[in-house]
Amino acid sequence: MAEIEEGKGLSQSLHQSAAAYAVIREQFADAISDFDANETMPFFEVIETEKWPDIALFMRDHPKLKFNYMACLSGVDYPAEEKLGIVCNLESLGAFGHRIAVKVKCSREGGSIPTAAYVWHTANWHEREAYDMFGMQFTGHPDHRRILCPEDWEGFPLRKDYKVQESYHGIKVPY
Amino acid sequence: MQELGMAEQGSIRVSRKDDNVVVIEKDLATEEMLLSMGPQHPSTHGVLKLECMTDGEVVTSAEPYLGYLHRCFEKHCEVVDYPGIVPYTDRMDYLAGMNNEWAYCIAVEKLLDIEIPRRVEFIRVMVSELNRIASHLVAIGTYGIDLGAFTPFLFCFRDREHILNLLEWASGARMLYNYIWIGGVAFDIPADFNKRVKEFVDYFRPKVVELYKLLTENEIFVKRTKGIGIMPADVAINYAWSGPMLRGSGVQWDLRRNDPYSVYPELDFNVPVPDGKFSDIGDCLSRHLVRALEMEESLNIIEQCISKMPGSDGFNPRSAVPKRVRPKAGEVYARAENPRGELGFYIQSDGKSTKPLRCKARSSCFVNLSAMKDLSKGQLIPDLVAIIGSIDIVLGEVDR
């Protein structure tokens, strides 16, 4: 019984996400990709990376969207595509309750993504963490530093081709 | 103001406003001092370091430094298979192991699309709510210590001991359980477990009231927390606060109610938010109050679980546990309401491997703590301690 109701809720939320996507698509047309309507995490991708802050602000402030809550921002490595990216899980908390995920990608070497820290405060630390682990730059970030690793750590640990440094301040690292 | 510079001697400056009021300003500003708090400071609840710029007793900015307890959770996830990650999640928020395991299992179960036996769901709700009470007891007890009240701490830990004994009886471990598995639980609960839990609920109800008298209504405690560290609701949402922190700001938001999972839709409970009579909405006292009220709601949930739980006849707690976890290709973001807020897991699966491509834990404390810089501006140093305590951080979860 509970499972059936849950299944219903899920497809209803998918319907809501699709409606929200349609509003964004209307405004930004080709700057964003088609809607990937899967049950576990419906998402779309930002193709023109430099438009990401505009899209973010639009998504937060549009009266029909109101994505005021950034639940999560995860850095991701796509070695096959030679890209790094972020996945943002957004939600309209208290207003509509719809959810959608946004992916933004940049090139693997020296790539940069414009920051969303001025749209959602919470993105500040999440982006610092993504930089710390993957090494993409966030242009315009107010406080662009490592957060979990030490400042002088070499390399970006969550990249798939990461090789750990031999020693750190005279301490043997791989044990 | 029109400055006439009538007399300027040393640090005293006299000036005149337009309406002939003479203003004498004594410039008492001294040099700003850098005060490093932590990582070994008792009131930072672990290994958080705060670099405070102080002007006398006033904090002009406080910058948190994290990572002293970074144990590479996300890196480990890439080399351990799905069921093997469960014990690692215990070690993130070590005060609420059950809730962490559950959030992770929900994420993987969503990817696998498997159905969970009903009794398992009730067992999960019950142990998680017990764990929530234990976690809140630590939060409230240590918050008392931060503000100089030592006795509530001992009372809280006495009662927490009963919960840990119960959970040890069910799972075999006191803090790091590895009890909730993908698709089930490790063991069925022991015979008579529900009876003992009921005894605990009956024992604990008066103790909550006792705790109100001891700490929540204590005049000194109220003076130290009321009106301190106020966070308006819209800023809290922008900072993606969750759990008791967000509810303390007056937003009635609880994932158990607003994004329901498991059997929570069948259970009847309130989502307490401060009404602004006893505390100022959004201050440290409100956040404390929400935690205290939530313990009673958890007791209600546990009682309902006991009466609604299906019997154990022919029940196998591992019947839905997959032999080999290899989800289809895809991504999932699933979350659950932890004692400290929303714990989410973003998992990316390539459909071939038994290990996740990427597993990110969205830790609630990490996000709640990120507002520290705004929250601490212009506060006094002793109030800074009250604010850190009210955020209720567990550094194991912040640093992962």
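The values are calculated or read from the model by the stated rules, or taken from the named source; none is laboratory data. This is a predicted model, so every value here is computed, not measured. Glycine gets a Cβ as well: all are built from the backbone with ideal geometry, and neighbour counts include every protein chain shown.
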Q) Any residue in the range B:146-162 that is among the hydroxyl-bearing types (Ser, Thr, Tyr) and closer than 21 Å to B:Gly341 by Cα? A) no
Q. How do the helices (runs of 4 or more DSSP H) wholly within the range B:209-254 filter down when requiring 1 or more residues that are within 14 Å of another protein chain (Cβ to nearest Cβ), more than 16 Å from B:Arg291 (Cβ to Cβ) and in contact with a Gly (Cβ under 6 Å, 6 or more places away or on another chain): which remain?
A. B:233-238
Q: Taking the options B:Leu395, B:Leu357, B:Leu343, name whichever one is in contact with a strand residue (DSSP E or B) (Cβ under 7 Å, 6 or more places away or on another chain) and more than 10 Å from every other protein chain (Cβ to nearest Cβ).
A: B:Leu343
Q: For residues that are assigned to a loop (DSSP other than H, G, I, E, B) and away from every other protein chain (no Cβ under 14 Å), tally how many sit in the range A:15-42.
A: 3
Q | Residues of the range B:329-340 satisfying the condition of being of a type outside the set (A, V, I, L, M, F, W, C) and either without any contact (Cβ under 8 Å) to a residue 60 or more places away in the chain or at the interface with chain A (Cβ under 10 Å from one of its Cβ atoms) (or both) | A | B:Gly330, B:Glu331, B:Tyr333, B:Arg335
Q) Within the range B:257-290, how many residues turn out to be of a type in the set (Phe, Trp, Tyr) and not in a loop (DSSP other than H, G, I, E, B)? A) 1
(Q) Going through A:Glu91, A:Glu82 one at a time, which residue ends up being within 13 Å of chain B (Cβ to nearest Cβ) and of a type in the set (Asp, Glu)? (A) A:Glu91
(Q) Among the residues that make up the range B:185-203, is at least one of them within 24 Å of B:Asp90 (Cβ to Cβ), assigned to a loop (DSSP other than H, G, I, E, B) and β-branched (Val, Ile, Thr)? (A) yes
(Q) Of the conditions (1) surrounded by fewer than 18 Cβ atoms within 10 Å (Cβ to Cβ); (2) touching a Pro at 6+ places or on another chain (Cβ under 9 Å); (3) over 28 Å from A:Gly135 (Cβ atoms), A:Glu26 satisfies every one except a single condition; which number is it? (A) (2)
Q: Report the residue count in the range B:360-370 for those that are under 14 Å from the mean Cα position of the chain (by Cα) and facing chain A (nearest Cβ under 9 Å).
A: 5
Q) If you take just the strands (runs of 3 or more DSSP E) that sit entirely in the range B:1-93, which of them hold at least 3 residues that are at pLDDT below 85 and touching a strand residue (DSSP E or B) at 6+ places or on another chain (Cβ under 9 Å)? A) B:12-16, B:22-26
Q) Any idea which of B:Arg324, B:Arg291 is surrounded by 19 or more Cβ atoms within 10 Å (Cβ to Cβ) and either under 17 Å from the mean Cα position of the chain (by Cα) or farther than 29 Å from A:Val102 by Cβ (or both)? A) B:Arg291
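Considering only the range A:64-79, state which residues are of a type in the set (D, E, K, R) and more than 8 Å from chain B (Cβ to nearest Cβ).
Passing the criteria: A:Lys64, A:Lys66.
Would you call A:Glu82 surrounded by fewer than 19 Cβ atoms within 10 Å (Cβ to Cβ), in contact with a helix residue (DSSP H, G or I) (Cβ under 7 Å, 6 or more places away or on another chain), farther than 23 Å from B:Val235 by Cβ and acidic (Asp, Glu)?
For A:Glu82, the condition - surrounded by fewer than 19 Cβ atoms within 10 Å (Cβ to Cβ), in contact with a helix residue (DSSP H, G or I) (Cβ under 7 Å, 6 or more places away or on another chain), farther than 23 Å from B:Val235 by Cβ and acidic (Asp, Glu) - is not met.
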Q: Go through the range B:331-358 and count every residue that is outside any strand (DSSP E or B) and among the polar types (S, T, N, Q).
A: 2
Q) Can you name every residue in the range B:228-253 that is out of contact with any Pro (no Cβ under 9 Å at 6 or more places or on another chain), in contact (Cβ under 8 Å) with a residue 24 or more places away in the chain and farther than 21 Å from B:Tyr212 by Cβ? A) B:Gly229, B:Ile230, B:Met231, B:Pro232, B:Ala233, B:Val235, B:Ala236, B:Tyr239, B:Ala240, B:Trp241, B:Ser242, B:Leu246
